[in-house]
Ligand SMILES: *Cc1c(COP(=O)(O)O)cnc(C)c1O
């Protein structure tokens with residue numbers, strides 16, 4: 001937690017729960033990624049944290065934006081972000097929304113199927129299009145796997161077809177999975193992409209762009225390599241496969257920019273036991289899966305917690321949210337331990353929660369309001 005966030009939380013009686021985002025960390029993460037991959041253009045994945053202050057700052061720093069819906073596009077445009085800086089990166093779009101994005105000046109679109117290509121040809125004639133290939137998501141804490149992308153063979157056929165349909169076959173994209181901790185996954189994906197570049201150039205189509213996706217991590221319970229190590233692994237794989245003829249490179253970081261910039265201020269609502277032998281305390285917080293922490297599904301993302309009693313003796317706990325739904329559990333198997341002195345009413349902080357929290361919080365399940373953000 002940055003001193004700036006710690007001071008903000010200490011000095012104000014903030015409603016709980018809420019998210020506090022430090023713009024200095026957003027800027028710093030952007031600059032570190034840029035430095036680690038100077039040849040890549042950064043398209044911030046808006047869905048990670050679309051707070052207007054965050055988007056405006058990144059725009060000033062020279063970021064472009066990966067958007068997933070016409071709503072994200074129109075929000076970005078309303079902040080004065082130029083349409084030329086937007087990519088419509090979702091492979092699942094309504095034709096009417098493609099047309100609206102195109103009318104607004106968006107010219108870069110993702111696809112992974114013939115039917116989507118048909119829509120693009122009708123609603124976005126002449127646009128630059130890139131085909132997403134699928135990856136396994138291996139090594140990622142939050143895999144995206146087969147919902148998106150197609151096989152390399154299919155991508156070749158689709159990119160070939162794109163030209164005949166009046167579109168500009170621009171490049172290839174992939175996403176190795178979010179919170180990707182295995183640096184060799186990019187090598188696999190870049191190797192597949194190179195095969196596509198070669199196959200298409202034999203057919204007279206010279207692709208120009210590789211979109212290396214997201215996957216850059218935030219700092220949860222497990223230590224992660226730094227941006228430099230990601231940059232090194234990715235550039236190593238790029239030169240290994242492409243030699244000196246490097247195509248235009250894009251990255252689409254979401255978590256890697258916004259994750260560590262945010263802290264959720266939460267409160268302990270109840271501590272109880274179930275009279276069972278393991279003696280574990282059940283700690284119920286005022287935020288859970290519906291309040292903005294659905295990435296705890298399968299205990300996949302394991303946030304670090306800070307309490308007022310850190311440093312004292314600890315014991316095992318089960319952590320759960322406050323709603324009347326049984327899926328609203330946070331951690332049962334992950335082996336969390338919290339101080340024995342923890343009390344009902346204690347304020348605790350959930351660290352590195354700047355990405356995929358506010359956008360996931362429900363609008364009012366059980367009447368709980370959506371997660372409020374303070375951007376400082
Ligand atoms: C969500 C998403 C991203 C961001 O992924 P992170 O792992 O958070 O960096 C990038 N690209 C696409 C297409 C996405 O859907």
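Of all the listed residues (105, 96), the sole one being at positive phi and over 20 Å from the mean Cα position of the chain (by Cα) is 105.
Within the bounds of the range 146-169, is there any residue that is closer than 20 Å to residue 235 by Cβ, touching a residue at least 24 places away in the same chain (Cβ under 8 Å) and either within 27 Å of the chain's Cα centre (by Cα) or in a loop (DSSP other than H, G, I, E, B) (or both)? Checked the range 146-169: no residue is closer than 20 Å to residue 235 by Cβ, touching a residue at least 24 places away in the same chain (Cβ under 8 Å) and either within 27 Å of the chain's Cα centre (by Cα) or in a loop (DSSP other than H, G, I, E, B) (or both).
Does residue 72 meet the test of being in a helix (DSSP H, G or I), in contact (Cβ under 8 Å) with a residue 12 or more places away in the chain and within 13 Å of the ligand (Cβ to nearest atom)? Full working, then the answer.
Values: in a helix (DSSP H, G or I): yes; in contact (Cβ under 8 Å) with a residue 12 or more places away in the chain: yes; within 13 Å of the ligand (Cβ to nearest atom): yes.
Yes; evaluated as a whole, the condition is true for this residue.
From the list 116, 138, 53, the one residue that fits, being surrounded by fewer than 21 Cβ atoms within 10 Å (Cβ to Cβ), in a helix (DSSP H, G or I) and in the same structural domain as residue 216 (by TED's automatic domain parsing), is 53.
Each residue in the range 80-113 was checked for being under 17 Å from residue 42 (Cβ atoms), more than 15 Å from the ligand (Cβ to nearest atom) and either modelled with pLDDT under 95 or assigned to a loop (DSSP other than H, G, I, E, B) (or both), and 2 pass. The residues on offer are 338, 330, and the sole one that is in a strand (DSSP E or B) and either at pLDDT below 95 or touching a helix residue (DSSP H, G or I) at 6+ places or on another chain (Cβ under 6 Å) (or both) is 330.
Are any residues in the range 156-189 more than 16 Å from the ligand (Cβ to nearest atom) and out of contact with any strand residue (DSSP E or B) (no Cβ under 7 Å at 6 or more places or on another chain), and if so, which ones?
Initially, the range 156-189 is screened for residues more than 16 Å from the ligand (Cβ to nearest atom), giving 156-169, 184, 187-188.
Within the range 156-189, 156, 157, 160, 161, 164, 165, 166, 184, 187, 188 meet the criteria.
Table: residues versus (1) within 14 Å of the chain's Cα centre (by Cα); (2) part of a loop (DSSP other than H, G, I, E, B).
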{"residue": "250", "(1), (2)": "no, no"}
{"residue": "257", "(1), (2)": "yes, no"}
{"residue": "297", "(1), (2)": "no, no"}
{"residue": "301", "(1), (2)": "yes, yes"}
{"residue": "308", "(1), (2)": "no, yes"}
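The residue that is farthest from residue 147 (Cα to Cα), among those in the range 56-69 that are within 16 Å of the ligand (Cβ to nearest atom) and assigned to a loop (DSSP other than H, G, I, E, B), is 63. Evaluate the range 222-231: report whether one residue or more is surrounded by 19 or more Cβ atoms within 10 Å (Cβ to Cβ), farther than 30 Å from residue 6 by Cα and away from the ligand (no atom under 14 Å from the Cβ). The answer is yes; a qualifying residue exists.
The values are calculated or read from the model by the stated rules, or taken from the named source; none is laboratory data. Just so you know, these numbers come straight off a predicted model, no measurement behind them. Positions of Cβ are backbone-derived with ideal geometry, glycine not excepted, and every protein chain shown enters the neighbour counts.
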